[in-house]
Amino acid sequence: MSDHALSAARPRLRLPSVPGVAIVLVALAVVFALISPNFLSTGNLSNILVQSVILLLLALPMTLIIMTEGLDLSMGAVLTLASLVLALTVVSTQSLVLGLASAVGVGLAFGFVNGWLVSALRIPPFVATLGTLGVAQGLALIVSDGQSVVGIPRFVRLVYSGETAGIPNPILIGAAFYALFHVLLYHTKFGVYIRALGGNRDALTLAGVKWQRMLIAVYMLGGAMAGFAALLMTARMNAGHPTAAIGMEFDAIAAVALGGTSFERGNGWIFGTLLGVLTVGILRNGLNLMAVPSSAQVACIGALVIFALFLDGMRSRKP
Amino acid sequence: MSTASDIAAPGARFHLSKDVVQIVYRLLAAGLLCLLLSVLTDSFLSMNNILNVLRQASLLFFLASGLTLVILTGGLDLSIGANIGLSACLAATAIKATGSPALGTLVGLGVGTLVGICNGLMVAKLRIPSFIATYGMLWVLHGVTYYYMAGETIHGFPPGFRQIGSGYFLGIPIPVYLMLGFLAAGTFFAQRTVWGQQIYAIGANPVAARLCGIPVDRRLILVYAFSGAMAGVASLVFLARLNSAEGDVGEAMTLPAIAAVLIGGASLFGGVGTVFGTFVGALILTLVLNGMNLLAVNASWQPLVTGVIVVLAVWLDMIGRRRT
Amino acid sequence: MLNLKSLAVAIPAAFLATAALADGETIAVFTKNQTNPYFQAVRVGADNAAKSLNAKVNHYIPTKPDSIPEQLSQIEDVIVKKPSAIVFIPVDYKAMVPGVEQINEAKIPVVNVTDRSAGGKFLAFVGADDYNLGLETGRYMLKKLGGKGNIVIIEGVKGSLTSIDRVRGFNDAIKEFKDVKLLASQPANYQRLQALQVMENLMQSHPQIDGVMAANDAMAIGAIEALDGANRKAQVIGINGTKEAVDAIKAGKLLASGDYNGFVQGCIGTMVAIRSLRGQPIVTEVVLKPTVVDNTNYQPYDAAVETRTCPTWDQAAAMATKTN
C-alpha cells in the first residue's frame, strides 16, 4: 500500500540512473570547492587520496566478501594485530620483507579461520568474524601488553611517506590494488565464482565447483589485504599500536554499502566501492578544512551514509 | 490477521520445543561454569557475588532483549549503545532541570523509543538494510550527544531515582527485578501473543509473511521501537547506577549485547531465538567476565575469550539443531 | 590570508607596542576526544587565552575517541589550511610522532600539551607531572589512613603515558609505608562503568579494602558508587580535579583529587603559541606542581570551567621549569 504511494511519487523526482554515491560525491566536491579555497589544491587532493588508501585496501576485499553474502568484522582487529607483528618483526630483524610476510601471514591465517568457520562449519559470517575479531583484538593486547611498539627503521616509513615518479607511494599502492581487484572480479574465473557465490550457490554445486574452497579463498584474500594495510598503517604511525585500527571494518563496510554493493544476492560494484571510500575521505577532509566542530562531523558522516543508501533505495525500486 | 497467526503458531511451537532443548543445554553450560568457578575460587559462591553477577547481567540483558526481537526479524540494531548515550544525557538534563525523576524517566524512555522508531522507519519504509541504517544512526546519535554535552558530564541525581539502579528490595538489587520483569514480559510477548508470533513469521520468511497479510512494516517499526525503548530503560538504570551521564556511556555495550543474543541461540537469519535464551546468554557472558576478574586474569584476555565463546556457542547450537 | 586591512592595522600597531603585533592569528588546537571533561577543560582554557589575546581558535578532535589514524589525517588536513600555530595533545605519544614531524616540515610552530611527545620539535611543553601527582595524592591518602591498610589501584588505559606514570606514583607512595598492603591493581580504561564493575568484583575477593587509588576522577566516582552499593566504606582518591570530583569531596564521599589542571594547561599552551608568533619571550617548559584538592582547598575549583580565567603571563612564567 505504502509502496504504491511511493512509486507513484517517484517519477517526479526524475533521478538519473547514476548511483547515489556518485551524486553525493560530486555534490560534496562542488560545495567544498566553493567554500574552502584550499580544497582543490593539488596538495590537498593528493592528501585525500593518500588518506583513503588504507580504507580502500580493506574495502576492496570487503566488497567481494559482501558479494558472497558474507561479512568480515575481524578486519580492523586483524589489521591491528598484523601491524603489531610487523612492527615487532621489523624491529628485531630489520627486514621489511620479513615484516610484510609476517603481517600478511597473520592476515592469511585469520582469513583461513574465518573462511573455514563460514564454509565448513556453516557458522554465519557475522558470528564467525565477530569471534575472530575478539581473538585478534585480545592477541593484539596480549602481544603488546597495551604498549606501542616503536624503534621502527626509517625505510619502513618511506613506504608511506615516500614518492615514486612524483606520486606518493600510497596512491600507487592503492591504484595497483584497485586494478588487481578489478581484473580479479571482472576478468577471471574466480570473479565469476564470487559473483555466483552470492545467491547462486546451488548452481555452483551443480557445476561441480568446490565453492567452499572459493569462500575460504575470499576470506583469505581479505586477511591478506589487512596484512598489506597493516604495512601502510605501521609506516604511517612509525609504530605499532594495539588499538590503531579498531572499528575500521565498520568504516569499510559503510564505504562498500555507500558504493552501492547490496547485502543480498551478490550485486557488487567495485568502482562504487572506490567512490564510497573517496566520498568518506572528501567529507572528512572538507569538514576539517572548514573547521567544522567534531560533533557535527560525526553527525554528518551518519547522515551521509543513510542519505546515499536512501537515494539508492529510491532508484532500485523504480518500476 | 487470524490466518497469519494460524500459520505462524504451529511453526513456532515446533521451534519452541527445539528451543527448549537448546536452552537446557545453555543452562547446563551456565551451571557448569558456576561449578567450575566455585571450585577455582572461594569468593565466587557468596550471596554477594551472585547478586553482583545478576546485577551486571541485567544491564546487558536490557539491551540484548530488545535486540533479540530485532534479530528475530532478521535485522540488526547497531545504534543501541549510542542510543543509551543520548537517552541518558537528555534524561539527566530533564531530572536536573525539573527535579522530577518521573519526567526524567519519561524523557529517557521517550528518546530511546523515538530513535527506535526512526530506525524502524528507515528499515521498513525506506528499505535501507538495517545494518547500514542503524550504523548511520549510531553516528548521528553520537554527533548529537557530543554536541549537546560539549565534553561535560551531568551528575548527582535524587536518591529516589537512584533506587532503580542501586537500590535493593528484600536484599535483591532492583535491576534484577526489572530484568526478571522484562524477561517475563518479553517471553510472553514473543511466545504467547499474535504480534509476537507474527515477528517470528516475518523473520522466518518475510515474503510469505507479507502474503499472509501480516502488516510487516508496522511490526518492523514496532520491533525497532521496542529495541530503542529497551535502550532507554538501560540508559535509566545506567544513570541511576553511575549517578552521572556521559556521552559515551553505552559505547562499549553494543557488541557484548549482540554477543549475548548470539550465545543465547538466536539466528541472525531471523525466525529463531528466544528472549529467555538471550537471558541465559547474557548470564553466561557475565559469568565468564566475573570469573576472569575473580581469578585475576589479565584483562587483555577478555575479548579473546568472549570471541571464542560466541563462535563455540553458535557452532554447538547448530550441531544440536541439526540432530533434533 | 594576510589581507590589506590587517596589514593596515598591523603596521601602525607595530610602532605602538610590541604586544598585539599581528593579532587575529588562527590557532589549531588538537585534543584526544569529545567525551572526557579533562580535554574540554583544555579547550576552554585555550579559547579563554586566545580570546584575551585577540586570536582565533579552531578545535580538531577525532570523531572516534582517541583514534590515531584520524588524528594523523586531521594534521594533514590542517597543514593544508596553514594555521598560524598549533597546540597539540597527541592521542598516543609514540604513534603520533610522524604527524608532529609533518607539522615541523610545514614550518608551523607547535606547542606540546599534556602528553609529552616522544619526538618532533616543539616550541614548548606544557603539562603536569603525572608521576608526582600520583605520588602526592597517594601519600595524602595513606597519611589519612594512618600509614596502614589494604589498598587497591584502578588503572587507566593500559600503555597510556598518564596511566603508567600515575600508577607508578601510587605504587611508590605505597612502598613508603611498611604497613600498607597492595591487594590488586586492575585497569578500567578511565571508564566509570568499568571501574564500578572492577570494584564490585574486587570487593568479592577482598573482604577488607581501606583505600582505593583511581587514576582519574570518573573511575574514582565509579568505585564510590560500587562501595555505596555494597554498603562498604573506604577512602577513595582520584586525579584530574574535575567539577564532579569537587562535588564528591564536598559531599564527603571522595577524599581528594590530584589536580591535573587541564584549564591552565590549555591557557598556557595557547599563550606560548601566540606570544611566540608575536616575537615575545616565551618559556620552553611548564610542568605544573602537583596540587592535592581536598575539603580544605576546593573553593577555587568549585566553579564551572567556563567561568574561570587564565593566569596572567607573569604568573604562567613563574610556573616555568625551563626557559629558553
Helix-derived mean residue ellipticity, 222 nm - over the protein assembly as shown, DSSP H n ≥ 4, -39500 (n - 2.57), to 500: -21500 deg cm²/dmol
Mean Cβ-within-10 Å packing, highest first, puts peptides B:294-303, B:66-75, B:23-32 in the order B:66-75, B:294-303, B:23-32
DSSP bridge pairs, the protein assembly as shown: antiparallel proportion in percent, nearest 5: 25 percent
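For peptide B:146-159, how many partner chain Cβ atoms fall within 10 Å of a residue's Cβ, on average?
6
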How long is segment C:100-187 along each principal axis, judged by its Cα atoms, biggest number first, in Å? 55, 21, 14
Give, to the nearest whole percent, the P(r) tail of the protein assembly as shown beyond 51 angstrom, counting all Cα pairs. 18 percent
Two-site FRET efficiency, C:THR296 against B:VAL308, from Cβ-Cβ distance with R₀ of 60 Å, rounded to 0.05: 0.70
Restricting to segment C:157-305, compute how many DSSP beta bridges are antiparallel as a %, nearest 5. 35 percent
Average partner chain C-beta neighbours within 10 Å, per residue of C:194-201? 5
For A:GLU163, the residues 5 or more places away or on another chain with a placed amide H closer than 5 Å to its own amide H are A:ASN169
Where the centroid of each part is defined by its Cα atoms, how far is segment A:115-145 from segment B:25-88 in Å? 21 Å
Give me the Kirkwood hydrodynamic radius of segment B:16-67, using the inverse of the mean 1/r over all pairs of distinct Cα atoms, in Å to one decimal. 12.7 Å
In whole Hz, with x marking every Gly and Pro, tabulate ³J(HN,Hα) for segment A:291-302 from phi via Karplus 6.51 cos²θ - 1.76 cosθ + 1.60, θ = phi - 60°. 6, 6, x, 4, 5, 5, 4, 4, 5, 4, 4, x
List the equivalent ellipsoid semi-axes of chain B in whole Å, largest first, each obtained as the square root of 5λ for an eigenvalue λ of the Cα gyration tensor. 30, 27, 17
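Set the Förster distance to 56 Å, then compute FRET efficiency between B:LEU170 and C:THR284 from the Cβ-Cβ distance, nearest 0.05.
Efficiency at R0 = 56 Å is approximately 0.30.
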Once the dipole of the protein assembly as shown is set up with Lys and Arg at +1 and Asp and Glu at -1 on Cβ about the Cα centre, which of A:PRO19, A:ILE253, A:LEU79 lies farthest towards its positive end? A:PRO19
Please give the length that would be gained between A:LEU45 and A:PHE112 if that part of the chain were fully extended, namely 0.36 nm times their separation in residues minus their C-alpha to C-alpha distance (nm, one decimal). 20.4 nm
What does the highest-first list of B:99-107, C:175-183 look like by mean Cβ count within 10 Å? B:99-107, C:175-183
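For segment A:169-281, which semi-axes, largest first and in whole Å, follow from the square roots of 5 times the eigenvalues of its Cα gyration tensor?
Largest first, segment A:169-281 gives 28, 16, 14 Å.
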Points 7 angstrom from Cα along the Cβ direction at B:VAL21 and A:LEU172: gap in nanometres? 6.1 nm
Under the 0.36 nm per residue contour assumption, what length would be gained going from the current alpha-carbon distance of A:ALA296 and A:PHE271 to full extension? 6.1 nm
Would you tell me the mean number of C-beta atoms belonging to other protein chains that fall within 10 Å of each C-beta in C:95-107, as a whole number? 3
Translational D (Stokes-Einstein, µm²/s) of segment C:229-300 at 37 °C and 0.692 mPa s when Rh comes from the Kirkwood sum over C-alpha pairs? 230 µm²/s
Taking the inverse of the average 1/r across all pairs of different Cα atoms in chain C, what Kirkwood radius in Å do you get? 20.6 Å
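Taking 8 Å as the Cα distance limit and 6 or more residues as the minimum spacing, I'd like the relative contact order of chain C as a percentage.
Relative contact order here is 19 percent.
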Could you give each residue of segment A:51-66 its phi-based ³J(HN,Hα) in whole Hz, using Karplus coefficients 6.51, -1.76, 1.60 with θ = phi - 60°, and x for Gly or Pro? 5, 7, 5, 4, 5, 4, 4, 7, 6, 4, x, 4, 4, 5, 5, 5
Calculate how large, on average over all directions, the projected area of the Cα convex hull of segment B:122-239 is; give the answer in nm² to one decimal. 9.9 nm²
Karplus-derived HN-Hα couplings along segment C:204-217 (A = 6.51, B = -1.76, C = 1.60, θ = phi - 60°), whole Hz, x at Gly and Pro: 5, 7, 10, x, 10, 10, 9, x, 10, 10, 10, 6, 8, 5
Considering amide H positions built from the backbone, and no H for Pro or chain starts, which residues 5 or more places from C:LEU288, or on another chain, come under 5 Å of its amide H? C:GLY127, C:ALA128, C:ASP129
If each part is reduced to its alpha-carbon centroid, segment C:276-316 and segment C:45-96 end up apart, in Å, by 20 Å
Most to least packed among C:224-235, A:184-195 [average Cβ atoms within 10 Å]: C:224-235, A:184-195
Taking chain A, how much of its Cα-Cα pair set, in percent, is spaced more than 30 angstrom apart? 37 percent
Using the basic label-point model (7 angstrom from Cα toward the beta carbon), what is the B:LEU180 to C:ALA303 distance in nanometres? 5.2 nm
How long are the three semi-axes of the equivalent ellipsoid of segment C:169-324, in whole Å, if each is the root of 5 times an eigenvalue of the C-alpha gyration tensor, listed from largest down? 35, 17, 13
For labels at B:ASP42 and A:ASP145 in the simple 7 Å Cα→Cβ model, what's the distance in nm? 3.1 nm
Once amide H atoms are built 1.01 Å from N in the peptide plane, which residues 5 or more positions from C:VAL87, or in another chain, come under 5 Å H to H? C:ALA28, C:VAL29, C:PHE30, C:VAL111
Give me Rg/Rg_expected for segment C:39-136, where Rg uses Cα atoms only and Rg_expected = 2.2 N^0.38 Å with N residues. 1.08
Once you treat every alpha carbon in segment B:221-285 as an equal point and sum by Debye, what is log10 I(q)/I(0) at q = 0.24, 0.29 Å⁻¹? -1.15, -1.25
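Only the coordinates and a few stated rules stand behind these numbers; no lab work does. Since this is a predicted model, take the numbers as computed values, not measurements. Ideal geometry is used to build each Cβ from the backbone, glycine not excepted, and the neighbour counts take in all protein chains shown.
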